[in-house]
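To start, the structure itself, in structure tokens.
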Amino acid sequence: MRKPVVILDFGSQYTQLIARRIRQAHVFSVVLPYTADMETIRALGPSGLVLSGSPSAVTMKDAPSCSPEVFALGIPVLGVCYGMHLMAQALGGSVEKAGKREYGLRAVSLDTRARLFSGLKPECNSWMSHGYQVDALPPGFTVTAHTDTCPYAAMEDPDRMLYAVQFHPETSHSEQGMEIISRFLTDICGCQQDWRMEGFAEQAVAEIREAVGNGTVLLGLSGGIDSAVCAALLSRAIGGRLYCVFVDHGFMRKDEPRLVREVFSGHFPLHLSAVDASDRFYAKLTGVTDPERKRKIIGAEFVQVFREEALKLGALDHFAQGTIYPDVIESGAAPGSTVIKSHHNVGGLPKELGFTSLVEPLRTLFKDEVRELGRVLGLPGAMTERQPFPGPGLAIRTLGVLTREKVGITRQSDAILREEFEKAGLNGSVSQFFTVNTDLRSVGVMGDERSYDTAVAIRAVTTDDFMTADWARIPYETLATVSRRIVNEVHGVNRVLLDVTTKPPASIEWE
Ligand code: XMP
């Protein structure tokens with residue numbers, strides 16, 4: 001059996017990012033809650049252990065903790081931020097409130113004689129996010145990094161195979177972060193770098209079979225890549241016991257319903273029912289302008305349509321969703337995180353639906369990993385290379401009240417944008433792009449006539465993980481063509497804007 005690296009999760013937003021970096025280094029990892037007992041950890045025969053960060057402080061009453069036995073397992077341990085504090089506290093050092101809270105990129109000086117840092121550049125910028133820090137090293141440890149305000153920014157005791165960093169090497173902002181993680185995995189833990197996404201697929205298929213048994217599963221295909229990959233994975237695991245429902249809520253992109261039908265009618269064994277429920281959604285949304293209410297109404301109606309479809313299909317046992325990790329975090333489902341938006345595909349199911357369980361096989365993956373998994377599963381390029389598309393679709397890209405006419409403007413301008421970006425070869429380099437019907441009207445001239453029409457905005461971003469994003473630098477020529485075509489071809493539009501905001505502070509979607 002392959003020996004995993006175990007990550008003990010103390011509730012940090014970055015825990016899954018650690019898991020993702022480990023996958024990126026082609027090493028098999030398992031995330032366990034900090035409450036996992038020693039027996040469970042030992043049974044996995046781990047080749048190393050990573051202790052995650054946490055929103056708590058070790059000095060707080062009831063702070064999440066783990067048995068000090070984890071430091072005596074005879075395997076390498078890497079403590080990250082809170083994990084470092086736990087290590088220090090458990091082994092005779094101490095932790096105190098920092099004079100100044102450190103948040104953001106900080107210059108860190110590394111001692112390159114340290115086992116964890118040998119061969120690296122001695123100075124680098126690393127991501128810090130902490131209000132507490134180690135103020136006395138435990139016996140046997142040496143300090144291996146510092147910043148201006150943090151004298152013990154890393155420590156190690158190579159004889160006991162214990163390593164710890166105050167900063168977050170897992171975030172993409174941290175220079176040399178991936179090197180530090182790779183060094184821990186290879187030089188220190190001696191892991192084989194032979195894990196591939198096929199491994200995830202195999203593991204997920206086995207887990208689905210175990211969770212589902214001989215039961216049947218209902219899955220909603222939203223038109224986006226997440227649910228498509230989820231369908232492909234479930235199809236591999238349980239084939240004809242998978243029932244997919246594609247609800248066209250009226251906020252799909254141009255040609256989307258057709259594409260979904262085409263892909264899932266031939267490639268994968270599953271039952272597909274497509275429902276046009278757009279009248280119901282528009283009726284429920286009449287007069288609604290508040291973004292959160294829109295999302296909630298769409299989410300609730302979605303579940304309602306599901307319930308009806310499930311009834312039509314006869315009793316089905318389980319309900320599946322293509323929830324991915326950023327959805328989990330942003331919905332506040334991860335411990336210690338706050339709710340940013342309510343994603344309609346997170347949050348469990350109303351009990352009366354009667355399903356015995358919720359199956360979410362992509363819950364730990366980031367978007368680019370979902371894409372890779374789709375390729376591994378044999379989904380056609382037209383689907384795996386597609387951009388993420390939010391469940392509520394064009395409804396959250398059409399600001400203000402929703403009418404078929406306004407959503408039509410969003411849909412047509414989006415189709416033009418997609419066509420032109422494709423022609424310009426931008427599909428590979430821009431992570432997500434779409435248009436937004438801003439619901440803003442402004443004055444223009446069309447021929448000799450005064451117009452008072454809608455402004456459409458272009459949103460185009462580059463990102464690795466959709467948690468942070470930069471606005472994409474689109475060639476002016478492409479922007480010029482898109483703008484010209486939109487005002488000429490989309491009735492009711494007389495102005496095109498470009499959104500040049502990063503995430504944060506803006507989100508990628510406008511609602
Ligand atoms: P934001 O707007 O939160 O978007 O920066 C991050 C990524 O998530 C997508 N998104 C959603 N996906 N259901 C989804 O499945 C949703 O309700 C939802 N809202 C946003 C968004 O398109 C972007 O890729």
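Derivation of every value follows stated rules applied to the coordinates shown; laboratory data play no part. Values in this document were obtained by computation on a predicted structure and should not be read as measured data. Here Cβ is always computed from backbone atoms with ideal geometry, including for glycine, and neighbour counts include all displayed protein chains.
Note on 85, 173, 130, 249: ascending count of other Cβ atoms within 10 Å places them as 173, 130, 249, 85, the fewest first.
Shape verdict for segment 198-384, please, from the Cα gyration tensor: rounded (a/c under 1.5), prolate (a/b greater than b/c) or oblate. In terms of gyration-tensor shape, rounded. Multiplying the residue separation of residue 462 and residue 293 by 0.36 nm and removing their Cα-Cα distance gives an extension gain of 58.0 nm. Over segment 397-498, the hull volume per residue, using the convex hull of the C-alpha atoms, is 102 Å³.
In this simple spin-label model, placing a label point 7 Å from the Cα along the Cα-to-Cβ direction at both residue 39 and residue 118 gives a separation of 4.0 nm. Full extension of the chain between residue 315 and residue 178 gives 44.6 nm of extra length, using 0.36 nm per residue less the Cα-Cα distance. Subtracting the Cα-Cα distance of residue 300 and residue 442 from their residue separation scaled by 0.36 nm leaves 47.7 nm. Per-residue ellipticity at 222 nm from helix content only, as computed over the chain with -39500 (n - 2.57) for each DSSP H run of at least four residues, stands at -9500 deg cm²/dmol. Computing FRET efficiency as 1/(1 + (r/R0)^6) for residue 452 and residue 501, where r is the C-beta to C-beta distance and R0 is 30 Å, gives about 0.70.
Annotation for segment 441-511: trypsin sites (Lys or Arg not before Pro) lying in DSSP loop with at most 15 further Cβ atoms inside 10 Å of their Cβ are 473. Of all aspartates and glutamates in the structure, those lying under 17 Å Cα to Cα from residue 367, and not within fewer than 8 positions of it along the same chain, are 170, 198, 226, 327, 330, 385, 464, 465, 470, 509.
DSSP beta bridges fully contained in the chain are about 50 percent antiparallel. Summarising the amide proton neighbourhood of residue 135: residues at separation of 5 or more, or on other chains, whose placed amide H is nearer than 5 Å comprise 94, 95, 96. Going 7 Å from the Cα of residue 159 in the Cα-to-Cβ direction, what parts of segment 187-201 have a backbone nitrogen less than 19 Å from that spot? Within reach of a label on residue 159: no residues. When the Cα atoms of the chain are aligned to their principal axes, the ranges along those axes come out at 80, 57, 41 Å in descending order. Taking a ≥ b ≥ c as the square roots of the eigenvalues of the alpha carbon gyration tensor, segment 89-176 is oblate, as a/c is not under 1.5 and a/b does not beat b/c. For segment 1-102, the direction-averaged projected area of the alpha-carbon convex hull comes to 6.9 nm².
Here the spin labels are modelled as points 7 Å beyond Cα on the Cα-Cβ line, and at residue 267 and residue 382 they lie 1.0 nm apart.
Amide H to amide H, with H built 1.01 Å from N, residue 245 comes under 5 Å of 219, 220, 221, 273, counting only residues 5 or more places away or on other chains.
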